2 protein chains.
Amino acid sequence: MTFDYAHQTDWAMTSGQHQSPIDIQTEHTQASQLSAISWRGFYQAQTITGEATTMKASGIGAAYLNDRDFNFQQIHFHTPAEHLIDGQAAPIEWHLVHRSATGQLAVVAVFGRIGKPNASLQGLLDQFTPQTSHELTTPVDLTELLPDTGTVYHYLGSLTTPPLSETVEWYVCADTVMIGEQQLATYQQLFAANNREIQPLNDRPIIAERF
Amino acid sequence: MTFDYAHQTDWAMTSGQHQSPIDIQTEHTQASQLSAISWRGFYQAQTITGEATTMKASGIGAAYLNDRDFNFQQIHFHTPAEHLIDGQAAPIEWHLVHRSATGQLAVVAVFGRIGKPNASLQGLLDQFTPQTSHELTTPVDLTELLPDTGTVYHYLGSLTTPPLSETVEWYVCADTVMIGEQQLATYQQLFAANNREIQPLNDRPIIAERF
């Protein structure tokens with residue numbers, strides 16, 4: 001590539017090759033001993049917002065992600081799941097959005113499966129009002145939405161909604177978390193499908209880490 | 001922001017707000033106890049390349065950057081320095097480009113000051129040939145180009161040449177490293193000024209870390 005320091009305003013930025021979500025082909029992942037996620041402190045939702053496309057709850061929480069401090073910012077939901085594992089989609093995926101002191105974004109993605117009802121999800125659904133944002137009169141303990149075992153697929157990608165910024169460390173948990181069939185139905189009655197299409201992996205490695 | 005899952009090809013990606021280099025205003029940095037850089041293993045240049053705008057040397061080396069494993073890829077030089085500290089430019093800046101297993105790029109930026117000649121830089125200059133790339137007959141120990149004390153300014157930014165991708169963790173070392181006046185003159189005879197213009201910080205925090 002040639003470029004001229006005398007004409008810097010002509011320089012073009014290239015981006016768009018590291019988008020999310022992706023289909024994680026497990027046979028092409030690379031094993032690592034790195035600690036992906038270590039939850040620390042209590043995850044609690046304090047504010048809930050009905051956006052046009054999803055239910056979002058903000059609050060407190062903290063984790064070590066690859067041994068660095070991150071603060072929890074918000075959780076929101078996608079139905080069906082956005083990430084695929086070997087081409088398979090879970091019925092729902094939630095995103096625990098974190099931020100470090102430098103402003104680095106890191107999202108922990110968790111898949112739900114149908115089973116016993118989930119108390120944390122119920123706490124959110126019980127206090128949700130479409131199209132409004134309000135503080136929760138009863139803050140919701142989010143513990144039941146956090147897996148703590150199994151493989152975590154780590155790769156570098158983007159936000160899955162506009163502005164689609166390629167500034168996200170993804171931690172996609174292989175172990176699923178149970179939610180009730182009625183809870184899923186309730187969410188789906190509130191919101192239409194909101195999964196972004198699968199994006200090309202291109203040259204990105206996917207690292208298989210552990211809790 | 002509104003967007004429609006039925007028309008995803010209309011979604012626009014926004015970028016360009018997190019570019020490098022920047023002017024680091026030290027009074028606006030935030031102190032942190034995080035370990036910025038821990039050199040591990042031997043840094044050695046094995047191949048040298050005369051690019052159109054800079055001298056680049058590739059080789060081996062490894063560091064913990066914020067406690068994560070990174071491998072050294074290449075070093076190259078900018079005159080005058082690209083980053084500023086409180087508006088001041090050093091006469092030269094070199095970039096130690098590192099990559100993690102996930103493909104994360106991290107660049108350690110080091111400023112030179114005029115003083116006693118630098119043996120590592122001399123080793124590179126002695127074997128450099130413009131416009132060609134060749135393996136070094138005598139691999140060059142890069143140790144004298146690596147600072148190991150002082151403050152390290154850490155922020156999230158971009159490559160400073162096209163494609164300007166916003167995928168770089170920057171570690172800008174405050175402590176300078178001595179190079180000889182004649183060494184700087186030799187480099188400047190080989191290459192015209194190759195510092196990109198200062199870019200807006202926008203909303204990015206700058207963290208003051210330590211070795």
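Where a number appears in this text, it was derived from the coordinates with a stated rule and is not lab data. Small disclaimer: the values here were computed from a predicted structure and weren't measured. Methodologically, a virtual Cβ is constructed for each residue, glycine included, from the backbone with ideal geometry; neighbour enumeration extends over all protein chains shown.
Over all other residues within a Cβ to Cβ distance under 11 Å of A:Asn66, the charged ones net out to -4, with Lys and Arg as +1 and Asp and Glu as -1. In order along the range B:107-122, the phi-based Karplus estimate (6.51 cos²θ - 1.76 cosθ + 1.60, θ = phi - 60°) of 3J(HN,Hα) comes to 10, 8, 9, 10, 9, x, 10, 6, x, 6, x, 9, 5, 5, 4, 4 Hz; Gly and Pro are listed as x. Charged side chains reduced to their Cβ positions (Lys and Arg at +1, Asp and Glu at -1) give the range A:98-168 a dipole of some 160 debye around its Cα centre. Under the rule of at least 5 residues apart or a separate chain, name every residue whose amide H is placed under 5 Å from the amide H of B:Ile24. Amide H neighbours of B:Ile24: B:Leu84, B:Ile85, B:Asp86, B:Gly87.
Remark: A:Thr143, A:Thr176, B:Thr132 ranked as B:Thr132, A:Thr143, A:Thr176, counting other beta-carbon atoms within 10 Å and listing the fewest first. Beta-bridge orientation, the range A:1-150: approximately 95 percent antiparallel, per DSSP, counting only bridges with both partners inside.
Starting from the label point of B:Glu51 at 7 Å along Cα→Cβ, the same points in the other copies fall at 3.7 nm, in ascending order. Taking every residue in B:161-168 and counting other chain Cβ atoms within 10 Å of its Cβ, the average works out to 6. Among beta bridges identified by DSSP and lying wholly in the protein assembly as shown, the antiparallel ones come to about 80 percent.
Placing a label point 7 Å from the Cα of B:Pro80 along the Cα-to-Cβ direction, the distances to the matching points in the other copies come to 5.9 nm, shortest first. Considering only DSSP states other than H, G, I, E and B, which GluC sites (Glu not before Pro) in the range A:148-211 qualify as loop sites with at most 12 other Cβ atoms within 10 Å? Listed in order of number, the matching sites are A:Glu197.
Given only helices, namely DSSP H runs of n ≥ 4 each adding -39500 (n - 2.57), what is the per-residue ellipticity at 222 nm of chain A, to the nearest 500 deg cm²/dmol?
-2500 deg cm²/dmol
The residues neighbouring B:Thr167, those whose beta-carbon lies less than 15 Å from its own, together hold a net charge of -2 under the Lys/Arg +1, Asp/Glu -1 convention. Couplings for the range A:169-186, taken from phi via the Karplus curve 6.51 cos²θ - 1.76 cosθ + 1.60 with θ = phi - 60°, read 7, 9, 10, 9, 7, 6, 5, 8, 10, 6, 9, x, 4, 5, 5, 4, 4, 4 Hz in order; Gly and Pro are left as x.
The range A:157-187 to the range B:193-211: how many Å between their Cα centroids? If you average the Cα positions of each part, the centres end up 32 Å apart.
Partners of A:Lys116 within straight-line reach, counting lysines whose Cα lies under 26 Å from its Cα and excluding those fewer than 8 residues away in the same chain: A:Lys56. Along the range A:51-64 the Karplus relation, 6.51 cos²θ - 1.76 cosθ + 1.60 evaluated at θ = phi - 60°, assigns HN-Hα couplings of 7, 5, 10, 7, 8, 10, 10, 9, x, 10, x, 8, 8, 8 Hz to successive residues, with x for each Gly and Pro. Across identical copies of the chain, B:Ile114 has label-point separations of 7.7 nm, listed in ascending order, with the point defined 7 angstrom from Cα along Cα→Cβ.
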